[in-house]
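Some notes on the structure that comes next.
The values are calculated or read from the model by the stated rules, or taken from the named source; none is laboratory data. None of the values given here were measured: they were computed from a predicted structure. Because the Cβ atoms are built from the backbone with ideal geometry, glycine has one as well, and the counts that use them run over all protein chains shown.
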Amino acid sequence: MNKDYIQPNNWSIIEEGFDAENVKASESLFSIGNGAMGQRANFEEQYSGPTFQGSYIAGVYYPDKTRVGWWKNGYPEYFAKVLNAPNWIGINVLINDEQFDLFACKKVQNFRRELNMKEGWLSRSFTATLQNNIEIQVQTKRFLSLNLNEVGVIHYQISPINSDAIITFQPYLDAAITNEATNWNDKFWDTLHVSHENHQAFIQAKTMKTDFYICAFMESKVFINNKYVLIEPNIEADANYASFSYQYNVKQGETYTIHKFGGYTVDRNYDKSELVSAAKTVLKKATELGFNAMLEQQKTAWENIWKTSDITITGDVKAQQGIRFNIFQLNQTYLGKDARLNIGPKGFTGEKYGGGTYWDTEAFCIPFYMVTQDQNVARNLLEYRYKHLEKAIENAKKLGFKNGAALYPMVTMNGEECHNEWEITFEEIHRNGAIAFAIYNYHRYTGDYSYIIEKGLEVLIAIARFWQQRATFSTTKNKYVILGVTGPNEYENNVNNNFYTNYIAKWCIDYTVENINRIKAEFDSDYTRIMYKAKLSNSEIEKWKDVANNMYFPYSEEHKVYLQQDGFLDKELITVDNLDKSQRPINQKWSWDRILRSPYIKQADVLQGFYFFEDHFTQEELERHFDFYEPFTVHESSLSPCVHSVQAAKLGRMEQAYQFYLQTSRLDLDDYNHEVEEGLHITSMAGTWMSIVEGFGGMRIKNDKLSFNPQIPKQWEAYSFKINFRNQILKVNVYQNETTFELEGKHDLEILVNKKKVTISPNSLVKV
């Protein structure tokens, strides 16, 4: 049963009524972030019920030692964890000396929580009756500043309703925190120093092993009826904790408010000896501005983000809420300001999957950032992998590959493989292909060839080397085969000749050779530089071409489809429709052995190849493969519905495309996979954007031009989106009976609409 307590709303995520059963799920759904840090929606005050505390700092991780009873050459030495950072949001609240705790209250009424996505803030309001029978009205609002991205700000206001009350605010910092997902209750932080002066407190800490140095900081101000009052606090501090106590005798009906400013400075940006002084500097900026001015800045910053990234849907509030929620969370996770950072699958909302970088970034996220933001953001994501090229070569070398062959890690924090599942680490090698495809996709969309010349070709050469060495010549088939792999469908392990893997391997080699030839012809000095640096010879290139030209692809003449892998037809081919619903999801109901023997597909596999390389196949081939594989697909990966939505739309199956869209857009809001309390599916959220822009809008690049094949679900009156294409903004409005285009730019733009050329002039409306 999916969750359905989130109220439909165009611009906000709203929860009405307090239910302790939903607290952990809401902590995920109402998470906030600013690209540099993030925060689950934990209550500021003490909460004794089930909760998942989570504060996270971008780029800070811990290499948890992989503990196994056996070892294999090349096996990752650690499983990286995104760390729960020292808690800066905490505010203990005492009402006549009783600890305020929603879980312990006699009554909670009119509870309302709102995440305003348009303006980038989180609020709560409610009345509560404590055990001492005092009734209070509470209003809170907080955000993580986009302008000062080291700072979060909290407005916390209490008004006693039925009597006067002595109210105490105790803002605190706490470094004695643990991770939700830990082995043996390990601790990951060393607290170095706790200090305080005036109304400021600082905790300096570092991670064990990785030695990331941070300073958590806070400063608070209190107000009566919105007028500042100076209260000298009582101070408590120990080795991991600092707390200030602000007490006031509040009259019935008065409001007592605290503004707390807090956050982190990190040694990624400062010398570790300067973290406290840097914290003081940012606190000075924040407190001088104050809560209200910072909130106005926040609204403006989000307004600017929405100008290019918003998608509007008329006539379907749940669909509108879903897409905006996804776009909002993507922008909270990564803003492209720091090329040293990347996009973890849970972002700042949880710790599952270790929080590192996966192939999701290249396959799903880059298109979103490429189209909605400046192209430099996407370029930064590509450069992230270039900076890890030497590590990727090292990773391959550990497995026996030579001569500069690179295997990019399945999961990484710093370029090193840190995923501790054998079948993922060693077999799911198709991730190399996604990294190469992202380079191609970036050039195809932006027209910027400079990246390939300067950096990209080096990556492509290393990947081509890997594929050539990884392939084996089969004398039986007289073809090259790729053995012992896991494709995108992780419900199959250690298979031979996964179609997608073999196909993308061939494509990578062909694409690399194509670019070598182009640079040789057009950029002679760069060609000489790259060939010398890579120590690449023509004879080696010929070996690559031999592999690519003679790659084996499993195929069924009976079904006229490429097979997911050798032996797929040997399975008992029972479709999902004939699978008892009590057995779903199979990853929670079945043994791994049973899953591996079944025909069920976790996510697009063969169809992932058809998504990437759509132009290589006919519409009839796509239809045949879609009709064969989708009935066996359980969509138990968050990355699955979006690819199928795009392909269903291409086939003109709009009702099916719409249902897949709803599943991907509301995956977390409705908790389709029954796991939202663990965090959100951030990287798959980019797939929601793909479903509309590439699926319903039919956006493609054809012959260096933007191309559209617009369609609209019958459930919608209209939808619109913007495309940032080569420094011009194109707005696309799709209605039931027509499509219009508007151009913000300086030059005419020629596009294709339903395969016909259409010229759009700046500041004009063109109807099609």
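Here are some notes:
- Some residue of segment 725-738 being surrounded by 12 or more Cβ atoms within 10 Å (Cβ to Cβ), under 20 Å from Asn703 (Cα atoms), hydrophobic (A, V, I, L, M, F, W, C) and in contact (Cβ under 8 Å) with a residue 60 or more places away in the chain: yes
- Tyr500 being modelled with pLDDT of 95 or more, within 26 Å of Glu620 (Cβ to Cβ) and in a helix (DSSP H, G or I): yes
- Only a single criterion out of (1) assigned to a strand (DSSP E or B); (2) closer than 30 Å to Tyr358 by Cβ is not satisfied by Gly35, namely (1).
- Of the strands (runs of 3 or more DSSP E) entirely within segment 661-768, those holding at least 2 residues that are within 29 Å of the chain's Cα centre (by Cα) occupy 700-702, 705-708, 718-725, 728-735.
- Of everything listed in (1) modelled with pLDDT of 95 or more; (2) surrounded by fewer than 18 Cβ atoms within 10 Å (Cβ to Cβ); (3) out of contact with any Ser or Thr (no Cβ under 6 Å at 6 or more places or on another chain); (4) not basic (Lys, Arg), the single unmet condition for Gln109 is (3).
So that you can scan it fast, the table gives a plain yes or no per residue for (1) modelled with pLDDT under 90; (2) within 22 Å of Ile158 (Cβ to Cβ); (3) touching a Lys or Arg at 6+ places or on another chain (Cβ under 8 Å); (4) surrounded by fewer than 22 Cβ atoms within 10 Å (Cβ to Cβ):
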position: Glu21; (1), (2), (3), (4): no, no, no, yes
position: Gly33; (1), (2), (3), (4): no, no, no, no
position: Ala41; (1), (2), (3), (4): no, yes, yes, no
position: Arg67; (1), (2), (3), (4): yes, no, no, yes
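- Within segment 583-629, the set of residues being touching a helix residue (DSSP H, G or I) at 6+ places or on another chain (Cβ under 6 Å), of a type in the set (D, E, K, R) and either in a loop (DSSP other than H, G, I, E, B) or at pLDDT 95 or above (or both) comprises just one member, Asp605.
- Exclusive hit being buried (at least 24 other Cβ atoms within 10 Å of the Cβ) and farther than 24 Å from Leu662 by Cα, set Thr357, Thr300: Thr357
- Members of segment 415-455 found to be touching a strand residue (DSSP E or B) at 6+ places or on another chain (Cβ under 8 Å) and part of a loop (DSSP other than H, G, I, E, B), listed by number: Cys418, His419, Asn420, Glu428, Ile429, His430
- Near pairs, Cβ below 7 angstrom, 6+ apart or cross-chain, from segment 538-549 (in contact (Cβ under 8 Å) with a residue 60 or more places away in the chain) to any residue that is of a type in the set (Phe, Trp, Tyr): Val547/Trp467; Val547/Tyr480
- Per-region count, segment 727-746, residues out of contact with any Leu (no Cβ under 8 Å at 6 or more places or on another chain) and modelled with pLDDT of 95 or more: 8
- Going through (1) under 27 Å from Asp668 (Cβ atoms); (2) of a type outside the set (A, V, I, L, M); (3) part of a loop (DSSP other than H, G, I, E, B) one by one, Lys24 falls short only on (3).
- Across segment 550-587, the qualifying residues are those that are without any contact (Cβ under 8 Å) to a residue 40 or more places away in the chain and touching an Asp or Glu at 6+ places or on another chain (Cβ under 9 Å), and the one among them that is surrounded by the most Cβ atoms within 10 Å (Cβ to Cβ) is Phe568.
- Residue within segment 536-546 that is over 35 Å from the mean Cα position of the chain (by Cα), closer than 30 Å to Pro631 by Cβ and not in a loop (DSSP other than H, G, I, E, B) present: no
- Exclusive hit being modelled with pLDDT of 95 or more, crowded, with 23+ Cβ neighbours inside 10 Å and among the polar types (S, T, N, Q), set Gln656, Gln647: Gln647
- Within the option set Arg465, Arg444, being surrounded by fewer than 20 Cβ atoms within 10 Å (Cβ to Cβ) and charged (D, E, K, R) holds for one residue only, Arg444.
- Subset of segment 632-644 [at pLDDT 95 or above, aliphatic (A, V, I, L, M) and either closer than 13 Å to Met690 by Cβ or in contact with a His (Cβ under 7 Å, 6 or more places away or on another chain) (or both)]: Val643
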